[in-house]
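Taking it in order: structure first as structure tokens, then the write-up.
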Amino acid sequence: MSLINQLRHFVPTDIAVLFNQTSVSYSQLIKHVTECALWLQNHHIKSACINMQNSYEWVVIDLACQHAKAVCTPIPQFFSQQQIKHLVDQVQPDVVFGASPNANTSYKVVSGLSVKAFFMSKSQACEMPINTSKITFTSGSTGTPKGVCLSSENQLIVASSLVSAIGVDHPKHLVLLPLATLLENIAGIYAPLLAQGQVTIVSDDEKGLRGNRLIDLKKLLNCISAHRPNTMILVPELLQALIVGCSHGWQPPPSLTFIAVGGAKVDAAMIVKARELGLPVFQGYGLSECGSVVSICTNTDEPRDSAGQALKHIQLTQLNGELVVSGNCFLGYLGEPKTWYPTTVNTGDLVDITNHYLFIQGRIKHLIINSYGRNISPEWIESKIAATGLCKQNIVVGDAKPHLCALLVPMSEEISRKKMGKAISAINEHLPDYAKIVDFIIVNTPFTQQNQLLTENGKLKRGAISCAYETQINQQYSQHTLAAV
């Protein structure tokens, strides 16, 4: 199954993609994808990585890989060098488009695209399931993220279901999130094209973002106003930024009809406030193992604190409170044959399902999901802090927040805040942006069983600690919120 074959039935002169003020028609898109697919076949490419920022070329290469039956693995631009090395070592691609992860790698320029293709010296790649078309690496709750293997059918079924559920004909979609994010890739490229729409891709500088991290709110607001889209996809942190913009006088363009927000749970009060300000926001839920989107709200009459109803190809059940998804499951994890060809996906999320509406209650484990939708294992960061030898105890918080904050119990009173800050800065140098420790709080009283912040076997009571230091934690995040306005 190839998306490009389905696009051949559309009006060839209609605009498919707008990038750098250049309009590309459906017939031109098909031509460019077909030519790139032929280039892949002529160079015997079976596996390719895309190491590029958002661009028209990114879309062409992605669709060409699908058309040529070559495995495509996007490299998230927010990955650390350690994570990129892990990804490349696992996948062992024939070629990397854009920027080479290795020095002194030979390359060719792809004809018609002006994109460098770096040919890689290969060793044995990890085993992957039959029919793997795309490998999407999660943001990585540790330094070694897993590769989720998807077929082209996995992806296009989700895109088709989204077209039916959202019901916006010929949408003008503005791409804001990185295309290496599976959600934007499928819901922001495939779905709008299947709906005979127009996809607008802008540079990070024009939209005031670096990845999906806000750098310049004014640029983001101007970008949205200038392009007047019908649809967009946001993470909660960007939704909060638009709300701040509205409160300072920005008027959302009346063209907006559907803004999907996902990646982390959104409070119902934020949904209500956004809609009151003219932002047609609808919350959804998904995970890579199900091809991104599982459920989505589609009208304002639905419960505001729900993540909507399941897409038409999905079945939802509960097992001891955990959400279990069936229908269109992923093929399995790269290099882990025991996980291949599942019929269900255990999500690890505690949920409630009432009248077919999905209500997310929280994570079963302690995984932090920040407000950009990135998954972070607190133990990963805490182990690095512990390795400095400066702390008796430490705990990292940041669920539904834009960045991490650490609570640190110094090893001794002689350790100054300045010395602790230098140690944290040194740790941050080796972490991806989303996992950096932006704030820290010095805690002078250790976590103990006596103050009910430690279990009998010496484990941190995370919830109790967060509650005990809620005021200090909120003060730290409030300072950053005010500084960004």
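The values are calculated or read from the model by the stated rules, or taken from the named source; none is laboratory data. Here the structure is a predicted model, which means the values were calculated and not measured. Neighbour counts run over all protein chains shown; Cβ positions are idealised from the backbone, glycine included.
Taking the criterion of being within 20 Å of Q21 (Cα to Cα), touching a residue at least 12 places away in the same chain (Cβ under 8 Å) and either surrounded by fewer than 21 Cβ atoms within 10 Å (Cβ to Cβ) or not assigned by TED's automatic domain parsing to the domain that holds T181 (or both), the residues of the stretch 225-260 that qualify are S225, H227, R228, P253, S255.
Going by the structure shown, is I376 of a type in the set (V, I, T) and out of contact with any helix residue (DSSP H, G or I) (no Cβ under 6 Å at 6 or more places or on another chain)? So I376 fails the test.
Conditions tested, residue by residue: (1) buried (at least 19 other Cβ atoms within 10 Å of the Cβ); (2) in contact with an Asp or Glu (Cβ under 6 Å, 6 or more places away or on another chain); (3) in a strand (DSSP E or B).
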| residue | (1), (2), (3) |
| --- | --- |
| R275 | no, no, no |
| L279 | yes, no, no |
| F282 | yes, no, yes |
| T300 | no, no, no |
| S306 | yes, no, no |
| L323 | yes, yes, yes |
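In the stretch 30-76, the residue that is surrounded by the fewest Cβ atoms within 10 Å (Cβ to Cβ) out of those that are assigned to a helix (DSSP H, G or I) and touching a Pro at 6+ places or on another chain (Cβ under 9 Å) is I30. No other residue among I364, I415, I427, I437 is over 27 Å from P145 (Cα atoms), surrounded by 14 or more Cβ atoms within 10 Å (Cβ to Cβ) and either in the same structural domain as C297 (by TED's automatic domain parsing) or among the hydrophobic types (A, V, I, L, M, F, W, C) (or both) apart from I415.
Let's see how each residue does on (1) of a type in the set (G, A, S); (2) over 17 Å from I296 (Cα atoms):
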{"position": "S164", "(1), (2)": "yes, no"}
{"position": "G167", "(1), (2)": "yes, no"}
{"position": "T181", "(1), (2)": "no, yes"}
{"position": "Q198", "(1), (2)": "no, yes"}
{"position": "L217", "(1), (2)": "no, yes"}
{"position": "V235", "(1), (2)": "no, no"}
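Restricting the stretch 325-346 to residues that are of a type outside the set (V, I, T) and in a strand (DSSP E or B) leaves a set whose member that is nearest to C290 (Cα to Cα) is S326.
For the stretch 378-393: of the residues being of a type in the set (S, T, N, Q) and more than 14 Å from H366 (Cβ to Cβ), which is modelled with the highest pLDDT? Looking at the filtered set, the residue picked out is Q393.
Scanning the stretch 125-159 for residues that are at pLDDT below 90 and surrounded by fewer than 24 Cβ atoms within 10 Å (Cβ to Cβ) gives A125, C126, T138, S139, S141, T142, G143, T144, P145.
Against the list (1) in contact with a Gly (Cβ under 6 Å, 6 or more places away or on another chain); (2) crowded, with 22+ Cβ neighbours inside 10 Å; (3) part of a loop (DSSP other than H, G, I, E, B); (4) not small (G, A, S), the condition L179 fails is (1).
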